[in-house]
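Here is the structure we will look at.
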Amino acid sequence: MSQPAATFELIVIGAGINGAAIAREAALAGVKVLVVERGDVGGGTSSASSRLIHGGLRYLEYLELGLVYESLHERERLLRLAPHLVAPLELVIPVYRGARRPRWQIGVGLALYDLLSIGRSVPGRTMLRRDQLLARMPGLNSNELVGGASYYDGQVRYPERLVVENLLDAVANGAVLRTRARVTRVCVDSGRAVGVEWQAADGASGGAAAPLIVNAAGPWVDEVLGPIQHTRLLGGTKGSHVIVPPFPGAPRTGVYVEAAADGRPFFILPWNDLLLIGTTDERFDGDAEAAAIDAHEIAYLTSETERVFPAAAGLAARLLYTHTGVRPLPWQPRGATGAITRRHVIRRHRAARGLYSVVGGKLTTHRALAEDVLRKIRGELPRPISGHPTRTRPLPGALDAPARDALLAEIGARLGPAQAQRLWHVYGSAAVEIATLALRPDLAVQLDAISGVLVAELVYSIEREWAVTLEDLLQRRCMAGLCADFGVGAARGAAAALVRLGIWDAARAATELDAYRALAARHYVAASVLVAL
Ligand SMILES: Cc1cc2nc3c(=O)[nH]c(=O)nc-3n(C[C@H](O)[C@H](O)[C@H](O)COP(=O)(O)OP(=O)(O)OC[C@H]3O[C@@H](n4cnc5c(N)ncnc54)[C@H](O)[C@@H]3O)c2cc1C
């Protein structure tokens with residue numbers, strides 16, 4: 001390494017949901033851990049998912065019983081340990097004549113799903129006759145409709161905040177987080193991993209030493225390994241979503257339905273007062289950072305939705321924005337993408353002892369994956385570790401129902417009930433700190449009417465949550481970027497407020513706005529919306 005390096009017991013590469021969870025698990029076990037992230041926390045795949053905390057009903061077709069069982073139990077934990085972020089979501093499965101999966105098969109799958117989620121807090125399945133289904137969902141296409149079923153899973157409105165909270169807990173327990181530092185080399189000496197080198201966003205290089213390194217770089221795992229690993233570990237598949245405003249007769253529950261074009265099931269999900277529709281699943285070999293939705297994916301998702309809900313006609317013209325990510329799945333060159341296992345694997349590298357790579361891993365199972373990593377490396381840690389603290393430990397923002405109600409009453413009395421609810425669902429218990437900051441009149445100003453975000457939130461996230469850019473702030477902290485206008489309305493207000501507060505100068509604000517405009521264009525935000533930027 002080029003300069004004397006700080007020494008840690010464990011270095012985690014990547015601060016997506018999995019890196020964040022590993023750091024939390026390790027820090028709580030007393031391990032001296034450093035997390036190195038090349039961009040912002042949660043800026044990779046973790047912010048491009050379907051936002052479901054689910055067992056994965058579809059995986060039963062591939063007899064992934066272990067994965068479904070684990071996921072369903074992690075779902076239950078997250079509902080309990082992160083109630084501000086994760087909520088139960090009802091999903092309805094309409095079945096049409098000629099479907100690949102007939103109604104009886106769905107019934108069997110859901111019975112097994114219920115069995116595997118024994119001890120759950122959410123309701124079990126209900127089989128629905130055609131008339132019952134139409135009474136519940138009048139907007140549904142009734143043509144060739146046979147009947148259907150309803151079941152429950154979990155939804156995390158903001159996985160971005162799940163990443164932030166895992167890291168807040170990790171750092172509160174001694175972890176060190178270094179963002180905007182791309183690991184350029186895993187250093188190996190005599191067959192042992194000894195540390196990493198990185199290049200920071202400002203061009204400076206640096207490094208750190210540790211006898212244990214976990215590569216949790218999501219779809220970039222192979223890139224991080226470079227020459228250490230000659231065979232490919234990952235074979236990513238691209239998945240896209242379109243985000244649209246609710247149409248007349250839009251479902252209030254999630255809908256999980258087979259696409260007519262290829263028989264793949266896809267989701268139409270009520271989310272954030274909008275509809276999140278996805279996903280596609282296509283092999284992807286390019287740079288995951290450049291992955292974007294294609295015209296044929298938009299056509300597939302919108303036309304399939306219009307088929308199920310005829311009143312949605314003309315959906316493509318009402319598209320608000322899109323999200324695309326690359327699933328970090330194990331390399332499996334042949335077969336259907338849907339058949340590639342969603343189970344995670346922790347790979348130990350023989351060419352660099354002490355180095356491990358995380359292959360796969362769903363949002364839902366991040367905590368269990370972190371436990372698996374700690375179990376794997378336990379024997380190489382300098383002192384014994386025991387216990388499983390995260391099994392019962394709430395995320396930092398979690399509160400029980402009486403404490404939550406007290407928080408909502410307190411903040412609601414000052415800022416109004418809607419604002420109190422919004423702050424709770426973004427920051428959990430830390431909403432009180434935001435409300436306290438907002439006692440200052442200049443920090444109580446709202447950025448715009450759509451998001452309702454307060455200037456206080458920007459200050460809080462810059463000071464306490466490692467936010468640096470406008471994109472970090474809007475997309476992954478205050479969540480204005482997930483509103484109907486992609487945060488375009490909030491962007492100007494945010495930049496102006498940070499200039500007024502002396503945190504940015506005018507040139508920085510202009511650069512940030514330019515970068516945000518480019519980001520919005522990449523997410524297909526309409527030119528008519530972008531003019532406001
Ligand atoms: C379309 C789609 C839908 C999905 N839906 C769901 C769902 O509904 N439910 C569910 O449970 N799961 C879902 N998933 C899966 C889930 O989102 C991912 O498996 C999970 O987010 C992966 O997290 P990660 O931390 O491993 O990777 P990432 O979130 O990609 O994090 C990896 C991090 O490593 C960083 N990094 C990369 N290279 C370097 C480097 N050289 N140096 C430092 N840092 C580096 C990146 O910047 C990134 O932040 C979905 C995935 C996709 C793509």
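For this structure, a couple of remarks:
- Set ASP442, ASP448: member being of a type in the set (D, E, K, R), over 22 Å from LEU408 (Cβ atoms) and in a helix (DSSP H, G or I): ASP442
- Of all residues in the range 276-309 being touching a helix residue (DSSP H, G or I) at 6+ places or on another chain (Cβ under 7 Å), crowded, with 21+ Cβ neighbours inside 10 Å and modelled with pLDDT of 95 or more, the one that is nearest to GLY263 (Cα to Cα): THR280
- Here THR231 fulfils each of the conditions (1) closer than 30 Å to ARG375 by Cβ; (2) surrounded by fewer than 17 Cβ atoms within 10 Å (Cβ to Cβ); (3) touching a strand residue (DSSP E or B) at 6+ places or on another chain (Cβ under 9 Å) apart from (3).
Here's the yes/no breakdown for (1) buried (at least 24 other Cβ atoms within 10 Å of the Cβ); (2) near the ligand (Cβ under 10 Å from one of its atoms); (3) assigned by TED's automatic domain parsing to the domain that holds ASN272:
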| position | (1), (2), (3) |
| --- | --- |
| ASN18 | yes, yes, no |
| ALA21 | yes, yes, no |
| GLU25 | yes, no, no |
| LYS32 | no, no, no |
| GLY39 | no, yes, no |
| SER50 | no, yes, yes |
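- The single residue among ALA292, ALA260 that is in a loop (DSSP other than H, G, I, E, B) and under 21 Å from the mean Cα position of the chain (by Cα) turns out to be ALA292.
- Residue list for the range 52-95, restricted to those being part of a loop (DSSP other than H, G, I, E, B), away from the ligand (no atom under 14 Å from the Cβ) and within 20 Å of the chain's Cα centre (by Cα): PRO83, HIS84
- Residue in the range 350-389 that is nearest to GLY66 (Cα to Cα), counting only those that are within 16 Å of the ligand (Cβ to nearest atom) and of a type in the set (Val, Ile, Thr): THR365
- Test: residue in the range 106-118 that is in the same structural domain as VAL257 (by TED's automatic domain parsing), of a type in the set (D, E, K, R) and in contact (Cβ under 8 Å) with a residue 40 or more places away in the chain: no
- Qualifying residue in the range 222-230 (condition: away from the ligand (no atom under 12 Å from the Cβ) and without any contact (Cβ under 8 Å) to a residue 40 or more places away in the chain): yes
The values are calculated or read from the model by the stated rules, or taken from the named source; none is laboratory data. Bear in mind that the values here come from a model prediction, so they are computed numbers and not experimental data. No Cβ is skipped: glycine too gets one built from the backbone with ideal geometry, and neighbour counts run over all protein chains shown.
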